[in-house]
Amino acid sequence: MSTSRQRAAEVVVVDYGLGNLRSAVRGLERAGADVEITADSEAIHAADGVVLPGVGAFSEGMENAEPLREDLLEVADSDTPLFGICLGMQMLLSESEEADHAGQGDARGLDLIPGRNVRFRGETVPHMGWNDLNVVRDHPLMDGVDGEYAYFVHSYYAEPEDPDAVVATTDYGAEFASVVADDSGTVFGTQFHPEKSGEAGLAVLRNFVGLCAE
């Protein structure tokens, strides 16, 4: 009796010039995906899932990603999962205090999850290292990950307008949103780096790849 191997989900990691893309690719490959790093519009639209990574400043991220804005918005309008990681998660929101703080003027986010990124106040920044995840509502990305620890490096965090957009929280002086998702559930992001978060992070990536394979 022969068995056929299930087709691996084809995931695109968007290359807009920021972030350690290779570590994200390695994590996704460990999670079972076929992965391509690209900024090609056709490849983005053909993928089973799209990852928007990022490390750095919000303004620079949005400036670099501007040529791909419409492609990303179209992915969000489809059933294709769109997963923002760290800066990529912050870019899913409408705006960020970071542009004002750095004297970089206005920077318009993707506005897929209405809200604003704000700077930690009264705490050492960046928030760097391991911290725990408190899942506050069901979302398939976080299946089996409640109470686990993940790796963070950030000075700003998301404040969605709709409290229901918050999937998980983490405490750093005060509670902040560490995982967010839109109403459709197919646009979501993690403030932590799943590719650097050991077995818990691998579980998150496997959950994502499973969503892409549906």
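None of the figures in this text is laboratory data; all of them are computed from the coordinates on show. Because the structure is a prediction, the values reported are computed rather than measured. FYI the Cβ positions are ideal-geometry reconstructions off the backbone, even for glycines, and counts take in every protein chain you see.
Per-residue ellipticity at 222 nm from helix content only, as computed over the chain with -39500 (n - 2.57) for each DSSP H run of at least four residues, stands at -7500 deg cm²/dmol. How much of the calculated P(r) for region 59-185 lies past 26 Å, in percent of all Cα pairs? So the pairs more than 26 Å apart make up 19 percent of the total in region 59-185. Taken along the Cα-to-beta-carbon direction at a fixed 7 Å, the label points for SER78 and ARG30 span 2.9 nm. Counted over all Cα-Cα pairs of the chain, pairs farther apart than 24 Å make up 35 percent. Summing Cβ point charges (Lys, Arg +1; Asp, Glu -1) relative to the Cα centre of the chain gives a dipole of roughly 800 debye.
For the chain, what proportion of DSSP beta bridges, expressed in % and rounded to the nearest 5, is antiparallel?
On the way: 23 of 40 bridges.
Just about 60 percent of them are antiparallel.
Taking all Cα pairs closer than 8 Å and separated by 6 or more residues, the relative contact order of region 10-213 comes to 22 percent.
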